Amino acid sequence: MIKRIFIVEDEIIVAKGIEDILIHNGYNVVGIATNYKQAKQKIASTLFDLILCDINLNCEKTGIELMAEITAVYPVPFIFISAYDDIETIRKTNQLAPANYITKPFNEKQLLTCVNRVFAVIPDDENTTLPTDRERTILQLVAQGMSTKDIASTLNISFNTVESHRKNLFEKFEVKTMAELVCYATAMGWIEYKKSSV
């Protein structure tokens with residue numbers, strides 16, 4: 001069955017570009033909304049398997065607020081799309097457990113990798129690519145808001161070693177920012193997101 005995807009993106013040119021990529025790769029785009037109000041109305045009357053949602057909707061509410069409301073009613077996977085990749089955004093988005101995170105600007109391969117992962121059946125065998133124990137530890141510390149310097153100090157390893165692990169993780173899981181990586185690792189259950197007590 002062809003998977004149905006709904007797009008929430010305030011820039012219609014970007015939304016249409018995403019739609020073209022998805023359609024040309026076998027997906028069915030069932031709707032596009034360019035703001036919070038339109039998204040709420042269209043989603044209520046549309047059947048879908050995945051939502052791609054921009055965080056900045058250029059209105060009084062963000063994509064994070066929108067998805068908090070939508071997923072409370074429709075338990076469906078969603079992917080955030082954003083130019084933001086700071087730790088505060090990671091914290092806010094991970095509280096909602098998105099299936100993935102795409103950082104702007106992105107290309108066709110990055111978009112499809114994130115979308116395909118949502119629908120892929122992960123093989124349960126020893127050839128499945130997984131992070132090492134050290135990589136999981138570093139991912140967990142990043143998710144807690146630690147900088148590379150803080151991680152190096154906590155683990156008693158060099159700054160360059162932490163950076164090397166980060167680079168290897170980007171290559172291994174085909175992501176380009178820590179926001180994407182932490183979100184994906186959380187969705188896969190490799191690390192556990194914990195709300196800050198501060």
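Some points to look at:
- Any pair with Cβ under 9 angstrom, 6 or more apart, that starts in segment 139-165 at a residue that is basic (Lys, Arg) and ends at one that is not in a loop (DSSP other than H, G, I, E, B): LYS149/PHE159; LYS149/VAL162
- Flag if ALA39 is of a type in the set (A, V, I, L, M) and under 21 Å from CYS114 (Cα atoms): no
- Contacts under 6 angstrom Cβ, first residue in segment 7-31 being in contact (Cβ under 8 Å) with a residue 40 or more places away in the chain, partner surrounded by fewer than 13 Cβ atoms within 10 Å (Cβ to Cβ) and not in a helix (DSSP H, G or I), 6 or more apart: ASP10/ASN58
- Condition met for ALA120 (under 14 Å from the mean Cα position of the chain (by Cα) and at pLDDT below 90): no
To keep it simple, each residue is scored yes or no on (1) touching a strand residue (DSSP E or B) at 6+ places or on another chain (Cβ under 9 Å); (2) under 17 Å from THR177 (Cβ atoms); (3) not charged (D, E, K, R); (4) not assigned by TED's automatic domain parsing to the domain that holds MET178.
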position: LYS16; (1), (2), (3), (4): yes, no, no, yes
position: ILE21; (1), (2), (3), (4): no, no, yes, yes
position: GLY26; (1), (2), (3), (4): no, no, yes, yes
position: ALA39; (1), (2), (3), (4): yes, no, yes, yes
position: ALA44; (1), (2), (3), (4): no, no, yes, yes
position: GLU65; (1), (2), (3), (4): no, no, no, yes
position: ALA72; (1), (2), (3), (4): no, no, yes, yes
position: ASP85; (1), (2), (3), (4): yes, yes, no, yes
position: ARG91; (1), (2), (3), (4): no, yes, no, yes
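- Look at segment 176-187: where a residue is in the same structural domain as ASN100 (by TED's automatic domain parsing) and at positive phi, no partner that is crowded, with 24+ Cβ neighbours inside 10 Å and hydroxyl-bearing (Ser, Thr, Tyr) sits 6+ places away or on another chain with Cβ atoms under 9 Å.
The values are calculated or read from the model by the stated rules, or taken from the named source; none is laboratory data. Remember, predicted model here, so these are calculated numbers, not experimental data. We place every Cβ from the backbone using ideal geometry, glycine too, and count neighbours over all the protein chains shown.
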